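Below is one structure, written out as structure tokens; the observations come after it.
The values are calculated or read from the model by the stated rules, or taken from the named source; none is laboratory data. As the structure is a computational prediction, the values presented were derived from the model and not from experiment. Heads up, the Cβs are rebuilt from the backbone with ideal geometry, glycines too, and the neighbour counts pull from every protein chain shown. Note: areas computed on protein heavy atoms with side chains; ligands, DNA, RNA excluded. Shrake-Rupley method; radii C 1.70, N 1.55, O 1.52, S 1.80 Å.
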Amino acid sequence: MRILLTGKHGQLGRCFQDVLIGVDHELFAYGSAELNIANVQQVAEVIQQVKPDIIVNAAAYTAVDKAETDSDNAYLVNATGPELLAKQAAILGIPLIHVSTDYVFDGDAVEPYLPTDPTNPQGVYGASKLAGEINLAATCEKHIILRTAWVFSEYGHNFVKTMVRLAKERDQLSVVADQYGSPTYAGDLAKAILRICEQHEQGKIQAWGIYHYCGDTPTSWHGFARAIFAKAESLGVIKKRPQLKAISSDQYPTPAKRPEYSVMSTKSLGIIGVVASDWNAKLKFVIEQS
Ligand SMILES: NC(=O)c1ccc[n+]([C@@H]2O[C@H](COP(=O)([O-])OP(=O)(O)OC[C@H]3O[C@@H](n4cnc5c(N)ncnc54)[C@H](OP(=O)(O)O)[C@@H]3O)[C@@H](O)[C@H]2O)c1
């Protein structure tokens, strides 16, 4: 299978390249310099030249706070980009696997969000990602959109790596305890995407649409930090856990409002033959690499 990957330098992009090592598929992977997904001409040229069997879009504008004052760029990458990819996928009659976010929801729910629940993004990033979902779905029928959340990996910048670094530097840390979500290991998401590609190759994907791919056990940022410190201490990566203080979102203001409760239900994943991320089990590997 010829797989075209965008966003190859990101967390997901790098994990996806790792899961393809030793696997019998041809990967055509691009960073933004070679394939800017918001550039109509470049998108058409690269895709028509490669003629992939499937496209995986791991590229996105992910600077959640910066997006509040850089909305044009956020929309270009997150709304126009997926639409341009979808146009080319539709021309070739191939599927597009795309990744979206829990930030399409407002966070006012009291039980895990289903893919069919109403969206109501609270910031520019979430709104731009939602626009991307809508544009893509309207352009290319054969699509799988995986909404994910709280992504961490051995690559790039993420909460796990930040917590391990801070734990080495400080005796006390304050972490928000009133926002709940579902941590996701990018390597698990990458494996799930490869499985979806292979399921498609075998003609087993019938139900195109939106799915939630995230961790199987929800927690708060405070709970996530506690799990990270416990694992880091047991591995000897930090000498002693810092004292962990629970604070409220009000005590940690950010330019973009975060959803209070963005836990997503992964129940429907069985339809596309994948299982949710076992994030707690993957902490060891990521912390060892940090
Ligand atoms: N990180 C999270 O916590 C989180 C949470 C929910 C959902 N998500 C979603 O999960 C997906 C993967 O996220 P991630 O954490 O892997 O992101 P990431 O590490 O920030 O990587 C995003 C990549 O997108 C590329 N990119 C930016 N603008 C581009 C453009 N115009 N054309 C082509 N590539 C462009 C960048 O490429 P270059 O380096 O080459 O410039 C970057 O490497 C995204 O769709 C994101 O919205 C992430």
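For residues that are of a type in the set (Val, Ile, Thr) and part of a strand (DSSP E or B), scanning just the stretch 203-232, find the one that is least open to solvent (accessible area, probe 1.4 Å).
Restricting to residues being of a type in the set (Val, Ile, Thr) and part of a strand (DSSP E or B), the top hit is Thr219.
Could you give every pair whose Cβ atoms fall below 8 Å, whose first residue belongs to the stretch 149-161 and is over 11 Å from Ala186 (Cβ atoms) and open to solvent by 40 Å² or more (accessible area, probe 1.4 Å), and whose second residue is more than 6 Å from the ligand (Cβ to nearest atom) and part of a loop (DSSP other than H, G, I, E, B), counting only separations of at least 6 or pairs across chains?
Between residues of the stretch 149-161 that are over 11 Å from Ala186 (Cβ atoms) and open to solvent by 40 Å² or more (accessible area, probe 1.4 Å) and residues that are more than 6 Å from the ligand (Cβ to nearest atom) and part of a loop (DSSP other than H, G, I, E, B), the close pairs are Phe159/Pro183; Lys161/Ser290.
Let me confirm something: among Ile47, Ile55, which residue is within 15 Å of the ligand (Cβ to nearest atom) and more than 22 Å from the chain's Cα centre (by Cα)?
So the residue among Ile47, Ile55 that is within 15 Å of the ligand (Cβ to nearest atom) and more than 22 Å from the chain's Cα centre (by Cα) is Ile47.
If a residue has to be open to solvent by 50 Å² or more (accessible area, probe 1.4 Å) and either over 19 Å from Val124 (Cβ atoms) or not hydroxyl-bearing (Ser, Thr, Tyr) (or both) to count, how many in the stretch 43-64 make the cut?
5
Among (1) crowded, with 24+ Cβ neighbours inside 10 Å; (2) more than 15 Å from Leu146 (Cα to Cα), which single condition is Thr101 missing?
It fails just one condition, (2).
Go through the stretch 144-180 residue by residue and tally those that are within 15 Å of the ligand (Cβ to nearest atom) and either among the aliphatic types (A, V, I, L, M) or assigned to a loop (DSSP other than H, G, I, E, B) (or both).
Total meeting the criteria: 16.
From Leu27, Leu20, Leu5, Leu12, grab the single residue that is touching a Gly at 6+ places or on another chain (Cβ under 7 Å) and either under 24 Å from Ala79 (Cβ atoms) or among the aliphatic types (A, V, I, L, M) (or both).
Being touching a Gly at 6+ places or on another chain (Cβ under 7 Å) and either under 24 Å from Ala79 (Cβ atoms) or among the aliphatic types (A, V, I, L, M) (or both) holds for just one of Leu27, Leu20, Leu5, Leu12, which is Leu5.
Quick check on this structure: which one of Ile228, Ile196 is β-branched (Val, Ile, Thr) and over 18 Å from the mean Cα position of the chain (by Cα)?
Matching residue, one of Ile228, Ile196: Ile228.
Look at Val40 and say whether it is open to solvent by 30 Å² or more (accessible area, probe 1.4 Å), farther than 19 Å from Lys191 by Cβ, touching a residue at least 12 places away in the same chain (Cβ under 8 Å) and in contact with a Leu (Cβ under 6 Å, 6 or more places away or on another chain).
In short, yes.
Filter the stretch 71-103 down to residues that are closer than 21 Å to Ile47 by Cα and away from the ligand (no atom under 13 Å from the Cβ), then give me how many there are.
The number of residues fulfilling the criteria is 10.
Does Gly215 qualify as being of a type outside the set (D, E, K, R), under 20 Å from the mean Cα position of the chain (by Cα), on the phi > 0 side of the Ramachandran plot and at pLDDT 95 or above?
It is false that Gly215 is of a type outside the set (D, E, K, R), under 20 Å from the mean Cα position of the chain (by Cα), on the phi > 0 side of the Ramachandran plot and at pLDDT 95 or above.
Just checking, how many residues over the stretch 181-202 are open to solvent by 10 Å² or more (accessible area, probe 1.4 Å) and within 16 Å of the ligand (Cβ to nearest atom)?
So the count comes out to 4.
Got at least one residue in the stretch 104-121 being open to solvent by less than 40 Å² (accessible area, probe 1.4 Å), over 18 Å from Trp208 (Cβ atoms), within 13 Å of the ligand (Cβ to nearest atom) and without any contact (Cβ under 8 Å) to a residue 40 or more places away in the chain?
yes
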